[in-house]
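> Okay, handing you the structure first.
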Amino acid sequence: MTTAEEKLLWQKYSSTGQGRDELIMRYLPLIKYVVGRMAVTPPQGLDYEDILSFGVFGLMDAVEKFDPDKGYVFQTYAIPRIRGAILDELRKCDWFSRTGREKVQKFNRATEKILRDKGQMDDSLIMAEMGVSEDEYYEIQDLASRGYITSLDDTTPLDDGDVSVEATLADDRETAADRLDDESDKQQLAEALAELPERERQMLSLYYYEGLTLKEIGAVMGVSESRVSQIHGKGLSMLRAILRRKINEM
């Protein structure tokens with residue numbers, strides 16, 4: 001909920017144009033929240049603080065464009081802009097190289113083929129299809145995790161309560177949640193998740209529905225953060241393959 005102090009700050013900024021820096025400082029923790037729930041690691045030459053600084057651009061844009069009179073919660077309005085600003089800056093850094101993208105595409109194609117031909121998901125089968133070593137395979141899984149950053153859930157938990165998709169109507173960009181708004185799509189997603197192996201299903205559930213960070217998930221599952229990232233990449237590639245199969249069967 002918006003506090004009385006926040007309302008006064010917004011009223012001041014809306015009527016006089018003053019207090020912008022106060023608002024930005026007040027919502028800076030929101031950037032750390034967003035970054036903590038993005039499956040992304042700093043590319044070579046950058047660090048965690050750089051990623052946070054990218055989010056400041058999105059926060060500044062959100063503060064300047066937000067209209068409190070429309071009744072939306074600012075945090076809801078700002079989250080996609082912070083995330084979008086971070087992704088835009090990362091793309092400018094070309095952190096996900098052409099070679100990396102080609103490896104992930106190869107991984108996705110192999111996953112889909114094994115699912116189609118064998119009716120199951122197995123690391124050894126996918127490795128054989130790709131013709132890569134175990135170390136290369138896990139490296140590609142990690143790359144795949146970095147390639148999937150957008151959350152599939154339709155709620156973003158905040159300290160002051162859950163923020164629903166409906167509250168983000170002020171954002172004119174389509175989100176993953178918007179594309180899953182149709183009940184049949186949601187049903188397909190639920191069925192696809194049920195087909196995943198237990199470990200991958202648990203990981204995606206903890207990340208997308210429980211809102212845990214990769215580090216927190218590692219503690220729950222008893223594995224390293226890098227291993228969680230690999231499981232995340234594999235799980236999303238599997239989910240993608242299952243959903244594509246379901247669409248082709250329709």
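Just so it is clear, none of the values below were taken in a lab; they were calculated from the coordinates. Just so it is clear, the structure is predicted and the values come from calculations on it, not from any experiment. A quick note on method: Cβ atoms are made from the backbone with ideal geometry, for glycine too, and the neighbour counts reach across all protein chains shown.
> Hey, what did the range 4-92 get for relative contact order, percent, Cα under 8 Å, at least 6 apart?
Averaging sequence separation for qualifying contacts and normalising by length gives 29 percent for the range 4-92.
> Taking K and R as +1 and D and E as -1, what net charge do the other residues with C-beta under 12 Å from the C-beta of Thr111 add up to?
+3
> Just to be sure I understand the model, the point goes 7 Å from the Cα along the line to the Cβ. What's the resulting Glu22 to Thr3 distance in nm?
Each label point is offset 7 Å from its Cα along the Cβ direction, giving 1.3 nm.
> Give a residue-ordered list of calculated ³J(HN,Hα) values for the range 12-20 (Karplus: 6.51 cos²θ - 1.76 cosθ + 1.60, θ = phi - 60°; whole Hz; x for Gly, Pro).
4, 5, 5, 8, 10, x, 9, x, 4
> Normalise the Cα radius of gyration of the range 4-92 by 2.2 N^0.38 Å (N = residues in it) and let me know the number.
1.14
> Then there is this: So which of Lys32/Lys234; Lys32/Lys215; Lys65/Lys92; Lys103/Lys215 end up more than 20 Å apart, counting from Cα to Cα?
The answer is Lys32/Lys234; Lys65/Lys92; Lys103/Lys215.
> Moving on to the next point. Can you give the charge dipole size of the range 4-92 about its Cα centre, rounded to the nearest 20 debye, using +1 on the beta carbon of Lys and Arg and -1 on the beta carbon of Asp and Glu?
On the way: 12 positive and 13 negative charges, 51 e Å.
So the magnitude is around 240 debye.
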